[in-house]
């Protein structure tokens, strides 16, 4: 029951404490190499910034800068040298609250920041004495670079042999008197064309959306006090590069230069130059700097999880790393493309992640244009409780843009409606051509990936559909533009599995009038399933929530969706050693990976949980977590593992704290939120994303109108937070000394819905 004295308690705190201001993160010594870099960014730009041997360096990466092979390119590296400047004392400071990096090198200070609203990187240098900095733009794509063995992982070619003559084409680089313009221009023919041909879609190629052809990405480095002095060649971490070098024309105590970045579909140099010129015309240093810092200030006011001064060191580390990781996500707030799960915008020289993969700085494992949906979802679910609803739009639009191509797959292969979204999906909505299968037998269904891990795994799109519905429930977001996507995704399952059943026999449904979800897949793990619990739960939740959404909008045309909901089977159970638990599926033929889809009905689908289920249902879910032999064997905190989330949702407080504290242990590199590589790459964003979800679930969960605080948090550990709940609700609370010492709920009318643990009432 709710604590009836809660309102009186809250009135004692009429004025809430101000949002916790994130502390600066500081290094007091230089770095050895790029793996010891610090993330800096804003808008849709990510920089890896570090100081090495007296120089300041940074890589640049902008969301959406894809090449013809499907690699996400960096826009080069900048090196700054300040002659005569003593490098001691030294400090490198990430000023989180304002979103910029400040380096002190003796008498000089270097400030590096990215404009949140314009794709421009700024470098400001100040000194006690007049100095003449040298600036170099370094690029390893100054010539065509043939792929080496194993390098295909950075693009859509995956494990293709170098004998195929795959190469990264050279950039076009043009120095001027005080600037250098650089861009990578994709040819007309890209991996899109190869994919379409290999997957038998040539007949409709003219109807398919192609985002890669003629795409140009790059920018211009410029400084009014810079003078071009020529090129030089060098090698960094085994990769040769060419450097376009500039020196200052005159000594000064203040210097400024910028790098304006640009991405567009362009055929001619004039188009590209006009685009960069347009970006440069918007540069107003003081105004843009103030606006960007104001955005970051507001970002931290949306939400936080922080450790009070009284908190223990484990909690303090968890809260710090949560904040640092959230900063990294904020650097792609306005990107057209979603944040990549396998490094985001902050990958560095790959040899420092895996010594056997010593390729160029463009390299990351698991590709650029290929999105692994099970991994991507973990980067975005937590944004609901963080209040970062605007940052979810790139991921939502990613699926919206692909819808036409996904629907075309269903029409070409099976002649029925509904969008078929695969697991390893390219940004243009078709499966990765290598994962699709390169040695397919003639009898195989051309719409199914001939791949032991990925065949029949189509349901992850439903998690993004549910995020859309939840963003409306949390924040009132207008999701009308995504209705066709939600409807098409649901339609596919209903149409396709009736289609398959009608080709096995005379009936489309089973004896109970339900869909027969066979052959299916419970994640990549349980294969050739019948009624996988993860798929069943997804269909039941999204269909039911879509009906409720339509009713809330006054749309009474819900009969079709009610009919579909009535055809979805029940979540399967099984008995193991006398205990009832959720089954991975009704049946399956083999196990292929180490996921635990039998716990997906707990999260993300929330049919079971400590705050939402009766004791019988909760025992079924807890039996699954505690006693399912595969769940126990697969348990881990590595990478995308979600045991930390399920433990929190099931109210297993000690277990949840242990697993989440391990999730938030420092990563293996100097910057503690550079997690991984896990199963993927470093920085592992699905590691951080799953950690954010688990941390939030320990502090706040909801069921119906009820908001449960600290449902899986050890009450003897001090913590404070500001997080979001459905109904445009924001909850701030501080737990100190085993008591709630501060509580604020906005709007105040929602205070009546707060539920505290019994010992705190």
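The values are calculated or read from the model by the stated rules, or taken from the named source; none is laboratory data. It should be emphasised that the depicted structure is a prediction, and the values quoted were computed from it without experimental measurement. No Cβ is skipped: glycine too gets one built from the backbone with ideal geometry, and neighbour counts run over all protein chains shown.
Remarks
- For the range 142-153, the criterion of being surrounded by fewer than 21 Cβ atoms within 10 Å (Cβ to Cβ), over 24 Å from the mean Cα position of the chain (by Cα) and closer than 30 Å to residue 283 by Cα is met by at least one residue.
- Within the range 307-332, considering residues that are crowded, with 22+ Cβ neighbours inside 10 Å and not in a helix (DSSP H, G or I), the one nearest to the chain's Cα centre (by Cα): 332
- Only one of the numbered conditions (1) out of contact with any helix residue (DSSP H, G or I) (no Cβ under 6 Å at 6 or more places or on another chain); (2) buried (at least 19 other Cβ atoms within 10 Å of the Cβ); (3) part of a loop (DSSP other than H, G, I, E, B); (4) touching a residue at least 60 places away in the same chain (Cβ under 8 Å) is not met by residue 454, and that is (1).
- Test: residue in the range 378-387 that is over 11 Å from the mean Cα position of the chain (by Cα), under 30 Å from residue 150 (Cβ atoms) and part of a loop (DSSP other than H, G, I, E, B): no
- Of residues in the range 601-647 being in contact with a strand residue (DSSP E or B) (Cβ under 8 Å, 6 or more places away or on another chain) and assigned to a helix (DSSP H, G or I), the one surrounded by the fewest Cβ atoms within 10 Å (Cβ to Cβ): 629
- Being in contact (Cβ under 8 Å) with a residue 12 or more places away in the chain and within 32 Å of the chain's Cα centre (by Cα) holds for only one residue in 135, 123, 131, and it is 123.
- Hits in the range 247-266 - residues which are part of a strand (DSSP E or B) and surrounded by fewer than 21 Cβ atoms within 10 Å (Cβ to Cβ): 247, 252, 253, 254, 256, 264, 265
- Just one of the listed residues (743, 735) is surrounded by 24 or more Cβ atoms within 10 Å (Cβ to Cβ), modelled with pLDDT of 95 or more and more than 27 Å from the chain's Cα centre (by Cα), and it is 735.
- Residue within the range 20-31 that is touching a strand residue (DSSP E or B) at 6+ places or on another chain (Cβ under 6 Å) and under 30 Å from residue 751 (Cα atoms) present: yes
- Restricting the range 352-383 to residues that are in contact with a helix residue (DSSP H, G or I) (Cβ under 6 Å, 6 or more places away or on another chain) and farther than 22 Å from residue 168 by Cβ, the residue that is surrounded by the fewest Cβ atoms within 10 Å (Cβ to Cβ): 381
- If you go through the range 660-680 and keep only what is touching a helix residue (DSSP H, G or I) at 6+ places or on another chain (Cβ under 6 Å) and part of a loop (DSSP other than H, G, I, E, B), you end up with 664, 669, 670, 672, 673, 675, 676, 678.
- Entry remark, the range 212-235: residues being within 29 Å of the chain's Cα centre (by Cα) and either part of a strand (DSSP E or B) or touching a residue at least 60 places away in the same chain (Cβ under 8 Å) (or both) number 8 in total.
- Considering only residues in the range 177-198 that are touching a strand residue (DSSP E or B) at 6+ places or on another chain (Cβ under 7 Å) and surrounded by fewer than 20 Cβ atoms within 10 Å (Cβ to Cβ), the one that is nearest to residue 225 (Cα to Cα) turns out to be 178.
Residues are listed down the side, and each one gets a yes or a no for (1) more than 21 Å from residue 80 (Cβ to Cβ); (2) touching a residue at least 60 places away in the same chain (Cβ under 8 Å):
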position: 246; (1), (2): no, yes
position: 251; (1), (2): no, yes
position: 256; (1), (2): no, yes
position: 273; (1), (2): yes, yes
position: 298; (1), (2): yes, no
position: 301; (1), (2): yes, yes
position: 305; (1), (2): yes, yes
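- Which numbered condition residue 724 misses (of (1) part of a strand (DSSP E or B); (2) in contact with a helix residue (DSSP H, G or I) (Cβ under 8 Å, 6 or more places away or on another chain); (3) within 23 Å of residue 659 (Cβ to Cβ)): (3)
- Tallying residues that are out of contact with any helix residue (DSSP H, G or I) (no Cβ under 9 Å at 6 or more places or on another chain) and assigned to a helix (DSSP H, G or I) within the range 564-576 yields 1.
- Matching option when the condition is part of a strand (DSSP E or B) and in contact with a helix residue (DSSP H, G or I) (Cβ under 9 Å, 6 or more places away or on another chain), among 102, 124: 124
- Here residue 156 clears all of (1) touching a strand residue (DSSP E or B) at 6+ places or on another chain (Cβ under 8 Å); (2) assigned to a loop (DSSP other than H, G, I, E, B); (3) surrounded by fewer than 21 Cβ atoms within 10 Å (Cβ to Cβ) except the condition numbered (3).
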